[in-house]
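The values are calculated or read from the model by the stated rules, or taken from the named source; none is laboratory data. Everything quoted here is computed from the prediction, not taken from an experiment. As a convention, Cβ positions derive from the backbone with ideal geometry for all residues, glycine included, and neighbour counts pool all protein chains shown.
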C-alpha cells in the first residue's frame, strides 16, 4: 500500500478506500501484514477519542509480528501510553506549550525567521525545506530544551531517518537519538532537583517537575525529551513546506493570502486540512471489539487512523479536494482529537504564521524552481512532507 505512488499522492488511495468503506482491513506490507484503516471523518474523530483504543505498545507490540530493535525511549514514549500515565506525563510537559508560553516565544520565532530570510533573500533561489522550513522549528525546540547548536544537525538527521521506509535505518536512528539525549540529560540531571528549572530551559523545568510527590524518572525524562525534539519540528517543517507548495499551485489563493495578512491564520487552518503534515496518526490497538458506523473491529487488532484522509472526506467538507482559504468549516483533525491532541499545536501554528508571513513579505513573485512532478516526497506513511522545495523569486536591489 505504501509505495512511491502513495508518497507522491496519498489522496487517491485514501479516496478509493473511503468509497469502499471508511473502516476496513488493508494490507500494508509485501509480507502480508494487515491492519485496520480508518479514512472517514466521523469514524476517525470517534476513534481518536475512544478509550477502548490503546496506545500501549508494551502491551500490544506483539501484534506487529516482526521483531524490531527500537530504542526504549522511543518505543515507550508518552504517545505510546494510556491514562493515567499519559495524563501525568502530558501535564508535566504542557506548561511549556500553553498559549501564554507560545506568546512569549513569538519575538524569538520572528527573529529566527528574519535571520533565515536575510540569508536567502538576496540570492533569488533556495531550497525552502532544508534552508528554511527545517531550521526554523529545529532552532526553536532545541533552544527550548537547551540542546547545543553543534548537536542539532545530527539530531535532525536521526529524526528524519525515523520516518523512512527502511526498518533497519529507523531502528538505528532510534538508538542514535535516544543515546544522545540520554547523555544530555545525564549532564543536566543534578543531584538537587529542586534547584533546577528556576532560571533554566525546558529540560531543567522537566527535571524539577513533579506530579504530586512523583517526579519524572530518568527514563521518562529521556523519552519525553526525545519526543519533544522529534514532534517539536517534524510537523511544523511539513506544514510550512506543504503550505508554500499549496499556495504556489493555486495562484489565486496565493494572491489572496498575500493581499490580506490578517487572513493568514484561517488560511493556515485550511492548509492544515487540505494537506495534513501528519498523514496517519501513530497506531492504536483495540482492547475489545469497537464499532464505527456499520463496521466492528475485533479485539487485539492494529488500527491506523488517517488524518489526511479524514480531512478530505466529502461528507464533512464539500469540495474536500479543493484548497479554499475562505472555507468556514472548522474542526479539521490535522492535530488529532481527544486526549492525544497535539501538545505543540499552538507552537506549530505560531511558527507557520511567522514563516508564511515572512515569505510572502520578503520574497517577491515566489514561484516553483521545478515542476510539481519532479518534487520528491518523504517516503513515510505517517509524515506528509517534501524532501526539498526548490523555489525562485525576484530579488530586490537596495
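Descriptive notes on the structure:
Table: residues versus (1) out of contact with any strand residue (DSSP E or B) (no Cβ under 8 Å at 6 or more places or on another chain); (2) under 24 Å from residue 350 (Cβ atoms).
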position: 243; (1), (2): yes, yes
position: 253; (1), (2): yes, yes
position: 258; (1), (2): yes, yes
position: 262; (1), (2): yes, yes
position: 289; (1), (2): no, no
position: 294; (1), (2): yes, no
position: 298; (1), (2): no, no
position: 304; (1), (2): no, no
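- Yes/no for residue 388 being at pLDDT 95 or above, in contact with a strand residue (DSSP E or B) (Cβ under 9 Å, 6 or more places away or on another chain) and part of a loop (DSSP other than H, G, I, E, B): yes
- Test: residue in the range 117-124 that is assigned to a helix (DSSP H, G or I) and under 24 Å from residue 278 (Cα atoms): no
- Those residues of the range 251-269 which are in contact with a helix residue (DSSP H, G or I) (Cβ under 9 Å, 6 or more places away or on another chain) and closer than 24 Å to residue 377 by Cα, in sequence order: 253, 254, 267, 268, 269
- Filtered by the rule that a residue be assigned to a helix (DSSP H, G or I) and touching a strand residue (DSSP E or B) at 6+ places or on another chain (Cβ under 7 Å), the range 67-116 gives 88, 91, 92.
- Selection within the range 370-381 - buried (at least 16 other Cβ atoms within 10 Å of the Cβ) and part of a loop (DSSP other than H, G, I, E, B): 375, 378, 379, 380, 381
- Residue 361 vs. criteria at pLDDT below 95, assigned to a helix (DSSP H, G or I) and more than 30 Å from residue 94 (Cβ to Cβ): yes
- Matching residues in the range 16-44 - criterion: being surrounded by fewer than 21 Cβ atoms within 10 Å (Cβ to Cβ), touching a helix residue (DSSP H, G or I) at 6+ places or on another chain (Cβ under 8 Å) and part of a helix (DSSP H, G or I): 17
- Restricting 321, 293, 265, 279 to those that are in contact (Cβ under 8 Å) with a residue 24 or more places away in the chain and on the phi > 0 side of the Ramachandran plot reduces the list to 293.
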